[in-house]
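The values are calculated or read from the model by the stated rules, or taken from the named source; none is laboratory data. The structure displayed is predicted, hence computed values, not measured ones. When we count neighbours, we look across all protein chains shown, and the Cβ atoms used for this are built from the backbone with ideal geometry, even at glycine.
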Amino acid sequence: MTPAHTILLLAAGAAAGIVGSAGGTASLVSYPALLAVGLSPLTANVTNAVAFVAAWPGSAIGSRTELRGQGPWLRRQAPLVVAGSAAGAAVLLLTPAPAFAKVVPYLLALAALALLLQPRATKWLASRPGGRHRLLLPVGLIAVCAYDGYWGAGAGIMTLTVLMIATAQQLVAANAVKNMVLGIADVTCCAVFVLCFPMDWPAVIPMAVGCLIGGAIGPSVTRRVPPDALRILAALAGLALAVRLWTAS
């Protein structure tokens, strides 16, 4: 790892931390940077996941206002998040990644389209008898956290979509909760990776430092950008990453 590589990963981590904690697709920045410094796709994926653990405390610090009173809800959902993420990490380590990688662009595109249509979906769900289906949140959280543990690219958009449709929270609040949910998921899958996969620590450390800085800055971005604009930008970022991964496969 050369000094230029270290600087690139630090900068990419900071940019990804800002993008991810602000509601966008952080891997659109970080994953290509890891490939650019010579990491294999699997190592880049695992390195990306481990480095992003550092964005969790930064996002928590930057989102103190939005997270006030959310502790009990997060504690109730934590077992589902842990179970989903651990399952995804186990599948990643036990099966070949290329097969699932072919499906990833389509999952990203679906999540991005769902985020674009979120206001209509939320209104429709609220109008149904009994309101939102009680299984939507737990099943959705397990699914997106399993995805996060396996691949991770676009998990932020997917989680944000689930939270906004299932709980009807406003985007800024849902984004802050999303960061905490993915923080729990990232810690879980990274514990599996560190124990079972040889880590490229010279790549992890500078990106993690950047993620910590960017994660603390990102929530302030969501307070200054109109919610609809941020939702649309996040969805377009997801579509862009889907196209990038699809053309690369």
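Give me the pairs, please: first residue somewhere in the range 59-74 and of a type in the set (Val, Ile, Thr), second residue anywhere and surrounded by 13 or more Cβ atoms within 10 Å (Cβ to Cβ) and at pLDDT 75 or above, beta-carbon distance under 8 Å, and either six or more positions apart or on two chains.
From the range 59-74, the pairs are Ile61/Ala216.
Wholly within the range 114-233, which helices (runs of 4 or more DSSP H) include no fewer than the required count, namely at least 2 residues that are farther than 22 Å from Val81 by Cα, more than 15 Å from the chain's Cα centre (by Cα) and modelled with pLDDT of 90 or more?
Where helices (runs of 4 or more DSSP H) fall fully within the range 114-233 and carry at least 2 residues being farther than 22 Å from Val81 by Cα, more than 15 Å from the chain's Cα centre (by Cα) and modelled with pLDDT of 90 or more, they are 201-224.
Taking the conditions exactly as written (out of contact with any Leu (no Cβ under 6 Å at 6 or more places or on another chain) and within 27 Å of Leu117 (Cβ to Cβ)), does Arg244 satisfy them or not?
Taking the combined requirement at face value, the residue satisfies it.
Can you say whether Ala176 is buried (at least 24 other Cβ atoms within 10 Å of the Cβ), under 24 Å from Arg120 (Cα atoms), among the aliphatic types (A, V, I, L, M) and in contact with a helix residue (DSSP H, G or I) (Cβ under 8 Å, 6 or more places away or on another chain), as far as the supplied structure shows?
Taking the combined requirement at face value, the residue satisfies it.
Considering only the range 17-36, state which residues are buried (at least 21 other Cβ atoms within 10 Å of the Cβ) and at pLDDT 85 or above.
Ser30, Ala33, Leu34
What are the residues in the range 71-108 that are crowded, with 16+ Cβ neighbours inside 10 Å and not hydrophobic (A, V, I, L, M, F, W, C), if any?
Across the range 71-108, the qualifying residues are Gln77, Gly84, Ser85, Gly88, Pro105.
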